[in-house]
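Here's the structure we're looking at; comments come further down.
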């Protein structure tokens, strides 16, 4: 049993990094633009389809396909920002409506381009790592490490660079940041596109682990929002930890309780944490 | 000299001649009727693995029959008109489409659905047309409706798992012969998944095979935690999911936690073939193993060639076995039944003719007294490395 629990602890952490990268995108976008971008799930799906298409259909090497998918998703993010979200800055309801509309458009585009039939990428890195009886698929481990590095790198960039500090300053006091020379429009667009890129990268890597369909991103954006709330909106590092907590709650819950209600175990964890800490684990109570 | 009589009479005669010609042609045209048939399958979406091939097969048969000039019933020539919307496996959408088929298009013969959730959604509505309509589908849930009052409209084109001709019973016996003592079931937490568990639980228990059952939500992609839990119980075989959409993920992830034996009653051998390097045994009920049948059965070879020519795409060998239900053969069977019944509109007579028939097409198909299909089938086992064993079974 101990081995089973340890194994699922590791699996929960791995799955949680996928929730975490979406949560990081959600919390960044909300902090800087004031909207909850539900369409991040659709961007994740786009990244996944691009990665699958470039790898399996075009025949590119997987790492190159991931980079190109990331770039393509970010280009789509630029278009979405300039055409739509630029007009919804700091307006939660309008942003929400636009993002929901964008999900429909993007899903329809994906369905028209690649049909509704689920797709599955060939094995990029087959095999498993066995450590003391614990089994970790190599590709899952690699994806988790990449996502961990990206989220931690984002956190480091936010805390150690001028742009990061500018973003923090803007999140705390937009007017003061503007007066201090922060180009706020550029900052908002940059953060929006970066968040879309995080989702696109998550999707591109996701495609190497699971089968993909036009609607899978919807599940992940909900998990991402759960993780971001659990962590406390505004904390990028916390978003990662929130994602991991959700993943672990689902994995461990499935061992002791029926797996059919796996999603509920994460939600129960979220409710319990919010009861104890209403602002989330790392959130500011104000 | 041309008189006024001539001036009027000649054009009048011409007009009369032309009119009689037009009406004569119109009369000939009405002597040829059209029988509308409907389709109610998922042609796209995660469940299209079940619905695409049947809907394509029906379309091919309709084209073939119409190109051949149609068919004669009681001295009148008919062609077929197919109206086949895509349900995408969505029950609400399917219900709207069923209403359109019956109310607007006045269709009396519908092929499909294959999906139990769709059947559950449309059945109460179609029941209002009992005696005037036939709903010929492969849905597992249709079994419970057969022989019930006011459910004469149901014909189940997919064989049933249990009973003397049941493929499921035979497949479980195959496991018994291999000395299997414990099986883990991992099934969708929906109507279809629960129906499968309800069917197979007594089958396994009657043969003293221990069962461990878990369900999963249909949108699940990561099964690792559930599979690890099941693997800890050390089952001899895993009996997972009922759609390839889930099977690809399950088989791949199960093999990673050391589960390498699979028992499949709904789905293709595709997931087994894809993961052939990591599995030991993937036993699947396959209505027909087309790769082999194409080489030995002329009708199958013709069907494969016709499909490629018609759709101008490679033949989908993994999905083709789904043509065992509400597909190519079944359109020809319906036409034969109409001919024998001497009517295209009196549904009870057509149904009676259909149930009395034994048809030899791609499959040898007949129905039992309740309206459930019995047909010959294959059990395919994919072994490590991709080696394939095929067993042909002809139910008594």
Fill in the blank from the handout: By residue number, the members of region B:352-385 that are out of contact with any strand residue (DSSP E or B) (no Cβ under 9 Å at 6 or more places or on another chain) and loosely packed, with under 14 Cβ neighbours inside 10 Å are B:360, B:369, B:385
Practice task
Identify, by number, the condition in (1) within 14 Å of another protein chain (Cβ to nearest Cβ); (2) more than 15 Å from residue B:265 (Cα to Cα); (3) in contact (Cβ under 8 Å) with a residue 24 or more places away in the chain that residue B:219 doesn't meet.
Solution key: (3)
Completion exercise
In region B:60-99, anything in contact with a strand residue (DSSP E or B) (Cβ under 8 Å, 6 or more places away or on another chain) and in a helix (DSSP H, G or I) is listed as B:62, B:65, B:66, B:98
Handout entry: Subset tally (residues that are over 24 Å from residue B:216 (Cα atoms) and surrounded by fewer than 19 Cβ atoms within 10 Å (Cβ to Cβ)) for region B:170-204
Key = 7
Problem - Enumeration of residues in region A:242-267 that are more than 20 Å from residue A:218 (Cβ to Cβ), within 8 Å of another protein chain (Cβ to nearest Cβ) and touching a residue at least 60 places away in the same chain (Cβ under 8 Å) - result: A:251, A:252, A:254, A:255
Problem - Residue within region A:212-231 that is facing chain B (nearest Cβ under 10 Å), surrounded by fewer than 22 Cβ atoms within 10 Å (Cβ to Cβ), outside any helix (DSSP H, G or I) and at pLDDT below 90 present - result: yes
Handout entry: Answer from B:307, B:328 - the residue that is within 24 Å of residue B:109 (Cα to Cα) and surrounded by 23 or more Cβ atoms within 10 Å (Cβ to Cβ)
Key = B:328
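Just to be sure before I move on: is residue A:76 in contact with a helix residue (DSSP H, G or I) (Cβ under 8 Å, 6 or more places away or on another chain) and surrounded by 24 or more Cβ atoms within 10 Å (Cβ to Cβ) in the structure I sent?
no
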Practice task
May I ask you to verify whether residue A:170 is out of contact with any strand residue (DSSP E or B) (no Cβ under 6 Å at 6 or more places or on another chain) and modelled with pLDDT of 85 or more?
Solution key: no
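A quick yes/no check of all residues on (1) in contact with a strand residue (DSSP E or B) (Cβ under 6 Å, 6 or more places away or on another chain); (2) surrounded by fewer than 24 Cβ atoms within 10 Å (Cβ to Cβ); (3) free of Cβ contacts under 8 Å to residues at least 40 places away in the same chain; (4) more than 13 Å from every other protein chain (Cβ to nearest Cβ):
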residue	(1), (2), (3), (4)
B:207	no, yes, yes, yes
B:223	no, no, yes, no
B:244	no, no, no, no
B:271	no, no, yes, no
Exercise for the section: Would you mention how many residues in region B:253-269 are part of a loop (DSSP other than H, G, I, E, B) and either crowded, with 24+ Cβ neighbours inside 10 Å or more than 10 Å from chain A (Cβ to nearest Cβ) (or both)? Expected result: 7
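In the set A:50, A:44, which member is in a helix (DSSP H, G or I), within 14 Å of chain B (Cβ to nearest Cβ) and either modelled with pLDDT of 90 or more or within 30 Å of residue B:227 (Cβ to Cβ) (or both)?
Matching residue, one of A:50, A:44: A:44.
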Handout entry: Subset of region B:119-166 [farther than 19 Å from residue B:94 by Cα and under 16 Å from the mean Cα position of the chain (by Cα)]
Key = B:143, B:158, B:159, B:160, B:161
Exercise for the section: Only residues that are exposed (fewer than 15 other Cβ atoms within 10 Å of the Cβ) and not in a helix (DSSP H, G or I): list them for region A:139-183, please. Expected result: A:161, A:173, A:180, A:181, A:183
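The values are calculated or read from the model by the stated rules, or taken from the named source; none is laboratory data. Not measured: the values here are computed from a predicted model. Cβ coordinates were reconstructed from backbone atoms using ideal geometry, including for glycine residues, and neighbour counts include every protein chain displayed.
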